[in-house]
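Working notes for the structure below.
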Amino acid sequence: MSWGEIAWNGVRLSTPAAWEVAKIGPRYLLLADQGEPAMEIKWERVKGGFSHRTALRRLRSVHGNTVQECPLPDEWKQLLDGFTATGFTWRAETRGGRGAILYCPACGNATLIQFFRTFSSPGNKTCLRVLASFQDHSLDDQVRWSLFDIRAQIPAEFRLVRYRFEAGRFEMYFGSKGQQIALYRWGPASALLDNGDLFVFAAKTIRIQRGEWRPLTWTGHPAAQWEKPVSAGLWARCRERMVGRPHFQWFRLWHLSEENRVFGVSAKGDKAFQSEWLDRICTEYESL
């Protein structure tokens with residue numbers, strides 16, 4: 001069985017490659033195996049004290065009184081020793097589940113993670129490997145994002161603002177103190193690029209005239225870049241602020257021919273981003 005990594009909004013875990021993301025929210029993931037739910041995980045940052053009993057009451061409001069608190073299986077205890085944890089099970093007519101409510105004293109996150117079907121067996125090897133890989137916070141100032149066929153590293157101070165995952169187009173936007181960065185992924189490139197012309201695609205998609213894009217090679221791939229630097233004049237900056245236009249704007253798009261994808265990164269804000277910082281974001285934005 002092959003495995004992959006899912007990393008979303010601070011949470012990271014390894015899952016079977018056959019498991020697909022069926023539903024996604026800012027702090028929620030439902031993974032399915034062959035079209036049937038396999039695992040669900042939801043998490044939030046807790047302000048103040050955390051009560052496992054309150055969390056269980058919320059769970060009962062969803063699954064009814066069949067939700068029962070139970071001791072964690074011994075195998076789970078060893079894997080989750082860094083958390084304050086409470087186990088639970090529930091049963092309905094056609095399905096059931098087993099899971100744990102976790103609280104991390106180090107970061108203040110509370111997480112509900114549960115497994116369905118045969119994966120809910122206490123000794124299920126797939127379940128144990130998933131739990132062994134689970135992390136609910138980064139150990140440095142970078143946050144990993146890995147979902148579908150993309151992977152990126154974003155500085156922790158940039159929080160997820162919005163996202164869109166559609167056939168042929170992914171978008172993720174992050175913000176911090178008036179600054180914004182965004183990741184894009186388009187495909188298939190063979191259908192989107194007119195005779196392989198990345199500049200026509202950039203002009204049409206970003207709505208910046210073709211002649212304003214600068215050609216370059218990025219990590220061995222043909223690329224296009226556009227930048228509007230911060231205006232030198234005070235009055236120019238005042239006008240931009242009055243109409244809600246950012247002082248600094250920057251785009252880079254590159255064509256991954258083997259993967260048949262076009263990737264892009266944008267940045268905008270009230271002050272310029274360092275070019276080395278933007279290069280690092282682009283370098284760590286990968287196709288899987």
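Take the alpha carbon atoms of region 26-117, find their radius of gyration, then divide it by 2.2 N^0.38 Å using N residues; give the quotient. Don't skip to the answer; put the middle values down first.
Details: Rg = 13.1 Å, N = 92, 2.2 N^0.38 = 12.3 Å.
Expressed relative to 2.2 N^0.38 Å, the Cα Rg reads 1.07.
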Q. Within the set K177/K268; K42/K177; K23/K204, which residue pairs have Cα atoms separated by over 23 Å?
A. K42/K177; K23/K204
Q: Measure of size requested: the Rg and Dmax of region 83-203, with Cα atoms as the atom set and Å as the unit; please supply both.
A: 20.0, 58
Q. Okay, helix-only estimate at 222 nm for the chain: each DSSP H run of n ≥ 4 adds -39500 (n - 2.57), divide by all residues, round to 500 deg cm²/dmol; what do you get?
A. -5500 deg cm²/dmol
Q: With a/c under 1.5 counting as rounded, go ahead and sort region 167-211 into rounded, prolate or oblate using the C-alpha gyration tensor (a ≥ b ≥ c being the square roots of the eigenvalues; past the cut-off, prolate if a/b is larger than b/c, else oblate).
A: oblate
Q: For R159 and E36, compute 0.36 nm times the residue count separating them, minus their Cα-Cα distance, and round to one decimal in nm.
A: 41.2 nm
Q: Would you indicate which of (1) 1.05; (2) 0.97; (3) 1.01 is the value of Rg/Rh (Cα atoms, Kirkwood Rh) derived from the coordinates of this structure?
A: (1)
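All of the numbers you see were taken from the coordinates with simple rules; none came from a lab. As the structure is a computational prediction, the values presented were derived from the model and not from experiment.
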